[in-house]
1. Within the set of pairs 6+ apart or on separate chains, which have a first residue in the range 9-31 that is without any contact (Cβ under 8 Å) to a residue 12 or more places away in the chain, a second that is in a helix (DSSP H, G or I) and surrounded by 13 or more Cβ atoms within 10 Å (Cβ to Cβ), and C-beta atoms under 7 Å apart?
2. Take the residues in the range 296-320 that are more than 16 Å from the ligand (Cβ to nearest atom) and surrounded by 20 or more Cβ atoms within 10 Å (Cβ to Cβ); name whichever of them is farthest from Tyr232 (Cα to Cα).
3. Of all residues in the range 248-274 being buried (at least 20 other Cβ atoms within 10 Å of the Cβ) and of a type in the set (Ser, Thr, Tyr), which is nearest to the ligand (Cβ to nearest atom)?
4. Could you grab me the full set of residues in the range 319-363 that are in a helix (DSSP H, G or I), in contact with a Cys (Cβ under 7 Å, 6 or more places away or on another chain) and not aliphatic (A, V, I, L, M)?
5. Just give me the residues in the range 165-188 being crowded, with 18+ Cβ neighbours inside 10 Å and touching a residue at least 40 places away in the same chain (Cβ under 8 Å), in sequence order.
6. Could you please find all residues in the range 111-157 being within 14 Å of Tyr195 (Cα to Cα), away from the ligand (no atom under 16 Å from the Cβ) and of a type in the set (Val, Ile, Thr)?
7. When you scan the range 322-338, do you find a residue that is touching a strand residue (DSSP E or B) at 6+ places or on another chain (Cβ under 7 Å), touching a residue at least 60 places away in the same chain (Cβ under 8 Å), surrounded by 15 or more Cβ atoms within 10 Å (Cβ to Cβ) and under 30 Å from Gly154 (Cβ atoms), even just one?
8. Mind listing whichever residues of the range 277-310 are in contact (Cβ under 8 Å) with a residue 60 or more places away in the chain and among the polar types (S, T, N, Q)?
Amino acid sequence: MKFWKKQTHSEITERIRAALNQNQSFYKEPIFGMPCSYLDPLIFPESSPILADAPYLQTLINNPNHIGCHTLATSETIFSGTQEIEKYLIELCSVDIFKANEQEIDGYVASGGTESNIQALWVYRNYFLKEFNATNHQISVCCSFDTHYSIVKGCDLLSISLHQIPVMENRQIRIDVLIEKLAQLKKNGVQNIIYILNMMTTMFGSVDESEAIIEVLKQSGLNFKIHVDGAYGGFFYPFSNPENSLNFENENINSITVDAHKMVQAPYGTGIFLIRKGFMKYTHTSSAKYVKGEDYTLVGSRSGANAIAVWMILMKHGPYGWIEKVNILLHRAKWLENELNKRSVCCFRENYSNIITIKAEHLNENIIAKYYLVPDSHDSPAWYKIVIMDHVNSDLLHEFLLDLGI
Ligand SMILES: Cc1ncc(COP(=O)(O)O)c(C=O)c1O
């Protein structure tokens, strides 16, 4: 690990204090030109005792705006202290989790997985428009039927077509259908494919078998770019299955979405977008003239406190603490799967995943409501999922099995 090193609470606090000191402060300095300030002091007084030993809350009330993309361009200089921590976080995720070389990846803390996925589609659509003189009709997005709906939203916003490939019982796509689909798209004049690979899908926790898909894309003769949606799995799968190839060591993988507000238990607003250097320029909004360094991101203004929260959580656990945490959740998931199998309850769990998805026929209304099990579709539920998070502990899982009554 080059960047991810466990730190004590006082080391973390000291680092953030230094970052806030490096920022200019609305409390102490004359900052006239920005349409923002510290958080409203009637509700969030600077003197509140709860702030004393709480660097995240201190950052929150100081309200640094991390608009722009700091790994790439200069940004608002008055918030350079906390921007440095965001840059560090991007490098930590890229190098220590997703196996990039140092300084090879750009990225930013986005509002969530949805924004990160749309950012990827936006970059690649513009890349194909600019570098291959394509029209929107010559660009298509392909992915599995189990892919998150943010991709549907993105294709709608960007006016590019989407083709979702049916999956088999093991939740892997039908490769024969993908081959057929690509041939048909080619015949219809499509020359450029944006492929979304899943690192743990929302409902099944399934991980796409990337080698076969990449081979088909190569054989198709079409131009392609691959984005990995690790919004759910990005902070889990690289640790539960360290040999996986959905990372930047794989030259075919160009960008990755990962969400800290899921497995990392960070506050909402902590999606992370990572992309190889040389690509953020395709979403450069040069008309963002009043923003220092202009803008490359979808979102505009965003709170610097979000990056601080993620950085703090990761540094407090340290990499080995994190591996341990993932393994505890994985152990619970395997245990539950085993218990369900003993009871002949039909369920799906991808190897190395902490999501267990149960066929609806085994569950009754009471148990669904008591444990707030989430269906694949509220209109016609066929499956319900259990996500083994920190609070879904072994005692609760035992209680669930008793309630199941089988
Ligand atoms: C695989 C996957 N991608 C994207 C998203 C969207 O994330 P968000 O809700 O943070 O926008 C989710 C959310 O559950 C997800 O599971």
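Laboratory data are not the source of any read-out in this text; all were calculated from the coordinates shown. What you see is a predicted model; the values in this text were computed from it and never measured. Every residue, glycine among them, receives a Cβ derived from its backbone with ideal geometry; neighbour counts consider all protein chains shown.
1. If the second residue must be in a helix (DSSP H, G or I) and surrounded by 13 or more Cβ atoms within 10 Å (Cβ to Cβ), no pairs are left.
2. Per the stated criteria, the residue is Tyr296.
3. Thr257
4. To start, the set of residues in the range 319-363 that are in a helix (DSSP H, G or I) comprises 319-342, 360-362.
Checking which are in contact with a Cys (Cβ under 7 Å, 6 or more places away or on another chain) leaves us with 337, 340, 362.
Across the range 319-363, the qualifying residues are Glu337, His362.
5. Arg171, Ile173, Leu182, Leu185
6. Answer for the range 111-157, where residues must be within 14 Å of Tyr195 (Cα to Cα), away from the ligand (no atom under 16 Å from the Cβ) and of a type in the set (Val, Ile, Thr): Val123, Ile139.
7. Step one: list which residues in the range 322-338 are touching a strand residue (DSSP E or B) at 6+ places or on another chain (Cβ under 7 Å), which gives 333, 336-337.
Now restrict to residues that are touching a residue at least 60 places away in the same chain (Cβ under 8 Å): 336.
This time we only want the ones that are surrounded by 15 or more Cβ atoms within 10 Å (Cβ to Cβ), so: 336.
Okay, now just the ones that are also under 30 Å from Gly154 (Cβ atoms), so none.
Checked the range 322-338: no residue is touching a strand residue (DSSP E or B) at 6+ places or on another chain (Cβ under 7 Å), touching a residue at least 60 places away in the same chain (Cβ under 8 Å), surrounded by 15 or more Cβ atoms within 10 Å (Cβ to Cβ) and under 30 Å from Gly154 (Cβ atoms).
8. Thr283, Thr297, Ser301, Ser303, Asn306
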